[in-house]
Amino acid sequence: MLLVIDVGNTSMVWGVYKQSILAARWHTSTCDNRSANEYGVLINQFFRLHAVDATNIKGVAISCVVPAVLDALLGMCHTYLQCNPLVISANIDLGLRILYKPPESLGADRLVNAYAAMCKYGRPVIVVDLGTATKFEAVSADAEYLGGAIAPGVQLSLEALAHKTAKLPRVELTRISTAIANNTIDAIRSGVIYGTAGQVDALIRHIKKEMGPPTPRVVATGGHAHVISSLSTEVQVFDDQLTLDGLHLAYQRASAADIDRKLGRE
């Protein structure tokens, strides 16, 4: 079994793969002051809840955009799972030529999403990740990571409205059926949801134009993608486990490369 961990700015997504199937999945909030022992207790609780035998975990793959969390996770893996995890970075060979400058500034989540989309949906491909930030990734037909764009995400927009205005309340993001709202709560939802969908479509059209033919496929993922992607005219696929699948695929690739090295095939 493989444990995968996607550490975002707001939340962490954990998954366990049995062979190539995502057998268990759970979410926690991102907290940058948990210790390795706290993560060890947490992971054992989740394993018990999902009937996962920790001794069957043979590897770990991590994507992390919060450096303060990574050391504790590494300590947890060494102490409680007796393994050295694969940590995604631009230094990992994923078969992508990274044109981002400098390459090491590319977020691990962006890289693993681009790799997952390329593997699952072919090339060229555009990924839209609707999380804390809204991120766009472009992969060419020649397996080049071209770059992308970053914009404030849905949750940041909602929090900014509540924090920077005197009368606008905090709002939970839920689907709405019309853009014209007859109350303040739905007016905020309309502005953020339809506004983000319009932003997504506009940026995708610009990216497509710059990429040129052949026309790339467009994949959406992330915590808010289920709400926004249904209103987009450009998004073709909604994949809520794209990042976890990318971690699984990256681990498989790294393991195969390691076997080749040991057998002297390189």
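Normalised by the number of residues in the chain, what is the relative contact order in percent for Cα pairs under 8 Å and 6+ residues apart?
Rounded, it is 17 percent for the chain.
From the helices alone, meaning DSSP H stretches of at least four residues, give me the mean residue ellipticity at 222 nm for the chain, per-run term -39500 (n - 2.57), in deg cm²/dmol to the nearest 500.
Rounded to the nearest 500, it is -13000 deg cm²/dmol.
Lys and Arg at +1, Asp and Glu at -1: add these up for the other residues within a Cβ distance under 10 Å of residue 110 and post the number. Could you put the intermediate results ahead of the total?
Working: positive: 135; negative: 109, 129, 137.
Spelling it out: positives minus negatives among the neighbours equals -2.
So if R0 is 25 Å, what FRET efficiency would residue 82 and residue 26 give, r being the distance between their Cβ atoms, rounded to the nearest 0.05? Walk me through the intermediate numbers first.
Numbers: r = 22 Å, r/R0 = 0.87.
Result of the calculation: an efficiency of 0.70.
Which one of 127, 148, 227 has its Cα pushed farthest toward the positive end of the charge dipole of the chain, where Lys and Arg give +1 and Asp and Glu give -1 at the Cβ?
227
Averaging sequence separations of C-alpha pairs under 8 Å and six or more residues apart, then dividing by the length of region 97-247, give the relative contact order as a whole percent.
26
As a test, work out the antiparallel percent of DSSP beta bridges whose residues both lie in region 34-167, rounded to the nearest 5.
About 75 percent, rounded to the nearest 5.
For residue 11, what residues show an amide H to amide H distance below 5 Å, using hydrogens built from the backbone and excluding near sequence neighbours?
30
Restricting the count to DSSP beta bridges whose residues both fall in region 97-247, what percent are antiparallel, rounded to a multiple of 5?
60
When the chain is fully extended, how far beyond the present Cα-Cα distance does residue 236 get from residue 183, taking 0.36 nm per residue of separation?
15.9 nm
Of the lysine pairs in the chain, how many meet both conditions: Cα atoms under 26 Å apart, and a spacing of 8 or more in sequence or different chains?
Close lysine pairs under the 26 Å cut-off: 15.
Please work out how much length the chain gains when fully extended from residue 101 to residue 159, using 0.36 nm per residue of separation minus the C-alpha to C-alpha distance, in nm with one decimal.
Between residue 101 and residue 159, full extension yields an extra 17.8 nm.
Considering only DSSP beta bridges whose two residues both sit in the chain, what percent are antiparallel, to the nearest 5?
60
Bear in mind that the values in this text are calculations on the coordinates, not laboratory data. Just so you know, these numbers come straight off a predicted model, no measurement behind them. Every residue, glycine among them, receives a Cβ derived from its backbone with ideal geometry; neighbour counts consider all protein chains shown.
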